[in-house]
Every structure is written in structure tokens, then in C-alpha cells.
Amino acid sequence: MASQGSRLLRSKAKPQVVTASTSSSAAASENNPSGAVSLLPSPVCNTNNNNNTLARWPLSKYANFIISQSQGVGTWQERTAGDPHDMWIQITQRHYIQIVHDDMLLECINLTEAQGIWRAIKRGPNMLFFISNTKETSRKFRIRFLANDQEEPTAVADACACHLSRFFTLHDADRQGQNDDHHEPTCAISLQQLAAAVLDPQNSKWPSDYADVGNSLELVPDLLRHCLMDPNFPSLVEAVERSMKTLMNSDCATAKDLE
């Protein structure tokens, strides 16, 4: 599906429109004869939004995940910054986030509509974005930050994450495993961490965010009695355990995407 969110920025008077997946689809066709890909359209980006940049951060790499409909497998189509440096992620005054490579607009996101649709994970200098809509169509892309004159790549990524976290859920994987006493509680707990705490409670520790949840242990006997009276309860328990293991494996796959 061709995306509407990507266009060339060379001419302000008559900008030339380019589909977001034109170059990606062409590259994917070399590996997939059918050339069929599944992508979620990006929002239309008004050329007036290209000016008045509030902040921007240098990138060394951008990669879009392309899925072949015929084979059901995906590949990363990657772009690398040139020399002199020509790849940036930036936020405009109209609350659009853009990823620009040379004069090509790779991504254009309306941050005011991102809550509930967009989420991201940051690890070191890498950031992985997930996009989904109500039609269960989804896509993902990742970026790698570059050092600037004052900061290392990870510090640049932290600065960008601080801005983006105001608009949608952004999980900092670098915080995972740190002492809970040294940072404020957060609701951004990984599914792998929660699933491990349920499946292996003796060797796992619940996140501090759940420490203050009220206990209603007196309700457990009656609740368990009602559950056992349901003939579907055993199969439900097995299904829940399988699903939790799937979530753990899915979270591990996400970690590999950030490498």
C-alpha cells in the first residue's frame, strides 16, 4: 500500500510527491518477485510543516520493515546517513515529527494524533517505533542516533526520547534492571517482565509500580470456587499460560530489533 506521508522537499512552490514505500518496495521486489508489501499509510504532511523546526537530532541510520504478502516474511530496508551529514529526526512547531534524509521526507507523524496509535522503545542510541490503527494494520521502523558536537549518540537519543514521551508511550529499555529506588515509578513495564513474574513468582520480582496495589486476599477462595465450577476453566488456564509465553517470546524479538 503506497503511503501518502512522504514527499520531496526541493521545491516549495510545487513539491513533488513521492510514495513512502516507492524505494522500499522496489528494493523488496528484488528479494520478493511478487513485490507485494503491507504498510500502514502515514499521515499526509503539509509542506508548510517543513519550516519552523523546534528541535532536531542527527541520525546515522533509518530502516523500514517491509512485509511480503506472498511469503509472509519481512525484511529491513535500511538507509544510511551520508557525508556531510544529511539525516535528521525533527519536531516542528505544528507538532509534526519528521525523519529527513537529504531532501527526502521518510516519515511525517502528527504527534497530536499519536497517542494510542504510536509507541516506541529506546535502547542505547537505537529507537524502535510501532504504529497500529483500528483496522489492525501495523508497521514498524527504527532509527539510530548520531553524536553531535556536545553529546554521545545515547545522550542524543535520551534528549529526543524526552520530547517524544510527552505525546505517546515510549519505553526506555536502559532503565530496566536498575534499582527501583533510584528513579520514579513508571507504568512502562515490559510484558516480558510481567509474564516472568506470573509464571515464575519464586525467582522473579514484581515491579515497584505494582507494590502498592491493594490486596483482596479474602476474595480469593470464593473467586477460585466459582472458577472451578466452570468446565471451561482448565482450558482457559492453559490458554492463558500459552499466551503469556508467546508475549515473552514476542518481547525478546523486539529486543533483537533494537540491536
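Is it true that some residue in the range 65-85 is aliphatic (A, V, I, L, M) and within 18 Å of the chain's Cα centre (by Cα)? Yes, that holds for at least one residue.
Looking at the range 67-96 only, could you name the residues that are assigned to a strand (DSSP E or B) and over 17 Å from ASN126 (Cβ atoms)? Selection gives ILE67, SER68, GLY74, THR75, GLN90, ILE91, THR92, TYR96. Inspection of the range 201-208 finds no residue satisfying the criterion of being surrounded by 11 or more Cβ atoms within 10 Å (Cβ to Cβ), at pLDDT 65 or above, in the same structural domain as SER243 (by TED's automatic domain parsing) and in a helix (DSSP H, G or I). Would you check if THR80 is out of contact with any helix residue (DSSP H, G or I) (no Cβ under 7 Å at 6 or more places or on another chain) and hydroxyl-bearing (Ser, Thr, Tyr)? Yes. Residues in the range 117-160 that are at pLDDT 90 or above, over 20 Å from THR75 (Cβ atoms) and aromatic (Phe, Trp, Tyr): 1 in all. Number of residues in the range 67-90 that are under 12 Å from ARG56 (Cβ atoms) and modelled with pLDDT under 90: the value is 1. Taking (1) in contact with a helix residue (DSSP H, G or I) (Cβ under 6 Å, 6 or more places away or on another chain); (2) on the phi < 0 side of the Ramachandran plot in turn, GLY74 satisfies each apart from (1). Annotation: of all residues in the range 211-250 being modelled with pLDDT under 55 and closer than 30 Å to ARG119 by Cα, the one that is surrounded by the most Cβ atoms within 10 Å (Cβ to Cβ) is ALA211.
The values are calculated or read from the model by the stated rules, or taken from the named source; none is laboratory data. As the structure is a computational prediction, the values presented were derived from the model and not from experiment. All Cβ positions, glycine included, derive from the backbone under ideal geometry; neighbour counts span all protein chains shown.
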